[in-house]
Structure formats: structure tokens, C-alpha cells
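**Q** Have a look at this one before I ask anything.
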Amino acid sequence: GYAKAKERAIQELDAIDKMCEKYPDLVGKATTPADAYRLKKQGKRIAFVGMENGYPVGKDLQLLAFYASRGIRYLTLCHSSDNDICDSATDRRNPEDKGLSDFGRQVVAECNRLGVMVDVSHMSDKSFYDVLKVTKAPIIASHSCCRALCDNARNLSDDQIRALARNGGVLQMCFLGSYLKAPKPNPERDKALKELETKYGPRRNIQSIQDEALRAKANQEFRAVMQKYPEERATVKDIVDHIDHIIKIVGVDYAGIGTDFDGGGGVTGCGDVSEMFHVTMEMLRRGYSEKDIQKIWGGNIMRVLQKVIDVAKS
């Protein structure tokens, strides 16, 4: 598994480099805020590289240094399942939350040394606090929301938001409906989904089904249920409600946006990048200043990245 994950990571890093080489007038890879602002002035798209899930690191810290040399500037320590670095917010096969492992502490220290931002999205609560105990640099939650407004394990509690702010980090809003707004009860849908999970296993594990035909059939049947019993979609107003909440608790310097469009993100009024201006319009309607909007739309994450780089140099 580690070998396959490493192979796929290298393939994706190669693809990003090839994209930038093939379209140099359109896009450039950035590893620092200075790179980003330079590319912006040149009218180009900016390609920052993150790694969502530390699994491709395996148990080899030298691999983390290799990925950093290829441009990785943030590492999400885990994804939907526990790994050798830490426990996940959504993997409850083992109900005990063991938090950050000894190896995970080494990974955080190495990220600090390399100037790579540590991303706590997807992490369990104990893993989150364990990271704060050992990191020497600010952390990020690349795509999470506020638990006080939507009680989902993937979101941060008010206490976590305050702890993240004390650390100097940033919480970036995820445009995923189930993190923004608690769905209304739908017993018929719940029953149908439970029957499918009995048949195929948990929906989040479908992609690991080895039989391609069976995997396609499972995906089709889950989609059919969701089409028959659609959830009420979250809206742009819900996104800005969460931003409002962060600002109310800790201030505007700790709020950002991380859409997760590639992972299921999208709400009514902002389903892809062409509609993101609607978020800005909603902030303007609520009286946000241009300076505050600039911080939320990238200024805060650039501040954190620069601080992480400075810590690595010190």
C-alpha cells in the first residue's frame, strides 16, 4: 500500500510540473507567498501543491523531505481513515481516539523543519490537540467548518477554533453541504442507505472494492438513492454564516476558504469556481470591508505559509 501511494503521489507531482511546463503563459508553480504574488501580477494561475493524507509518506521521514523538494507546501496528516501518523475524525472502526502517534510527532517536527504547513482537517479531536502540543509553527485546517453551526466530526469546535487562533493558524471554510448545514431527517433515505451499506459496506469504502464491476454497481445504486431522496443543499449564506462565527469568536485573521470542489464541495449559488464571486457579494452585503475580504480570500493563508517558512529558517 505504501509503495502504491508513493507511486501515485509522484505521478501527480509529475503531472503538475508538466502542466506548468506545457502552459507557462497560463500557470506557474508557487512554493512561497512571494511566488504567488509575482505570478498574480503576471496574470497567471498559481499552482500550490498540497498532499491530502500523509499515507504516501509511509514510515519514511526522508520521503517527506522528497515531497517537499517537489513543491509540497502543506500536508493533511490523515484522511477518512486512521493511519500511522494519527487518528481520523471519521474512522470509528476502533472507537478509541489515540491521537497523534510517536511517528506522527516526528512528522510534525519534520514539517516544521521543512517549511511545510501541517493541516489538521480530517483529524480526530485528540490528534488536533496533540499537534498543537508539538508544533513550533502555525497550523491550518484546509477545509473544515464550525461545529457550533453544524455538528459534524469533521468540523472544529469553538474551543478548537480558539486554540487554532492562539497558535496563529487559519480555518478555511469547506463548501460541502454536510459540513455547513445539518440535513433534515429523512427516514426513507436513511433506510435505503442502510440497506446498501449492509450489501456493500460503508459508502466511504466503496472505492476500495477490488471488483471493478461491483464497485461501479455500488456507486450507481448509492447515487440512485441520493437522487430519489435529495438532501436540501446548503447555500452561499450558510458559508458566510460560518465565516461570521469564526470572526465572532476569534477575529477575521483566522478565517479562510478551502472549497474542496475536488472532493464533493459545492453549494447552491457556488457550485464551481465560476460562481465564487457570489461568496464575495454575500460578504459585501454583510458589511465586510475590502481589507477583511482580502484576508479571507487568501491573505490569511499566505500569512501562515510565510510564518511557517520563517520558522523553518530560524
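The values are calculated or read from the model by the stated rules, or taken from the named source; none is laboratory data. Given the structure is predicted, the values throughout are model-derived calculations rather than measurements. Neighbour counts run over all protein chains shown; Cβ positions are idealised from the backbone, glycine included. Remember, those area values only see protein heavy atoms, side chains included, never the ligands or the DNA or RNA. Shrake-Rupley method; radii C 1.70, N 1.55, O 1.52, S 1.80 Å.
**Q** Per residue, how large is the accessible surface of region 18-152? Use a 1.4 angstrom probe and give square angstrom.
**A** Result: 46 Å² per residue.
**Q** Name the long-range amide H neighbours of K29: under 5 Å, sequence gap of 5 or more, or other chain; modelled H, no Pro or chain starts.
**A** Placed amide hydrogens put A47 under 5 Å from K29.
**Q** Let me ask something else. Identify, among I206, G115, A182, the residue whose Cα sits farthest towards the positive end of the charge dipole of region 104-226, taking +1 on the Cβ of Lys and Arg and -1 on the Cβ of Asp and Glu, with the dipole about the Cα centre.
**A** With unit charges placed on the Cβ atoms, the residue in question is G115.
**Q** Hey, what number do you get for the chain at 222 nm if only DSSP H runs of n ≥ 4 count, each worth -39500 (n - 2.57), divided across all residues, to the nearest 500?
**A** Numbers: 13 runs with 149 residues, N = 314.
Theoretical 222 nm ellipticity from helices: -14500 deg cm²/dmol.
**Q** What is the percent of Cα-Cα separations in the chain that go past 29 Å?
**A** 39
**Q** Given the whole protein assembly as supplied and a 1.4 Å probe, what does the accessible area of M226 come to in Å², nearest 10?
**A** M226 has an accessible surface of roughly 40 Å² with all protein chains in place.
**Q** Relative contact order (percent) for the chain, with alpha-carbon contacts under 8 angstrom and 6 or more residues of separation? Before the final figure, lay out the partial values.
**A** Details: 519 pairs, mean separation 47.8, N = 314.
Computed value for the chain: 15 percent relative contact order.
**Q** Over the Cα atoms, compute the radius of gyration (one decimal) and Dmax (the largest Cα-Cα distance, rounded to a whole number) for region 71-133, in Å.
**A** Spelled out, the Cα radius of gyration and Dmax of region 71-133 are 11.0, 36 Å.
**Q** So if I place +1 on the C-beta of Lys and Arg and -1 on the C-beta of Asp and Glu, and nothing else carries charge, what would the dipole magnitude of the chain be about its Cα centre? I want it in debye, nearest 20.
**A** Charge dipole, the chain, about its Cα centre: 500 debye, nearest 20.
**Q** What is the projected area of the convex hull of the Cα atoms of region 104-259, averaged over all directions, in nm²?
**A** 10.9
**Q** Here is a follow-up. When only Cα pairs under 8 Å and 6 or more residues apart are kept, what is the percent relative contact order across region 1-147?
**A** Computed value for region 1-147: 18 percent relative contact order.
**Q** Can you say what percent of the DSSP beta bridges in the chain, counting only those with both residues inside, are antiparallel? Round to 5.
**A** Here the antiparallel bridges make up roughly 10 percent for the chain.
**Q** With a ≥ b ≥ c taken as the square roots of the eigenvalues of the C-alpha gyration tensor of region 173-217, please select rounded if a/c is under 1.5 and otherwise prolate if a/b is larger than b/c or oblate if it is not?
**A** Note, shape of region 173-217 comes out oblate.
**Q** While we're looking at this one, here's another question. Averaging over every viewing direction, what projected area does the convex hull of the Cα atoms of region 124-163 cover, in nm²?
**A** Working: hull surface 11.2 nm².
Averaging across all directions leaves 2.8 nm² for the Cα convex hull.
**Q** Ordering H79, H242 by how much accessible area each has at a 1.4 Å probe, largest first, what is the list?
**A** H79, H242
**Q** Shifting gears a bit: Using the heavy atoms of the protein chains and a 1.4 angstrom probe, tell me the accessible area per residue for region 163-314 in square angstrom.
**A** Result: 56 Å² per residue.
**Q** Heavy atoms only, probe 1.4 Å: what % of the accessible area of region 122-231 goes to carbon and sulfur, would you let me know?
**A** Looking at region 122-231 in its full context, I get 50 percent from C and S.
**Q** For region 43-148, what is the convex hull (Cα atoms) projected area averaged across all directions, in square nanometres?
**A** So the mean shadow area of the Cα hull is 7.7 nm².
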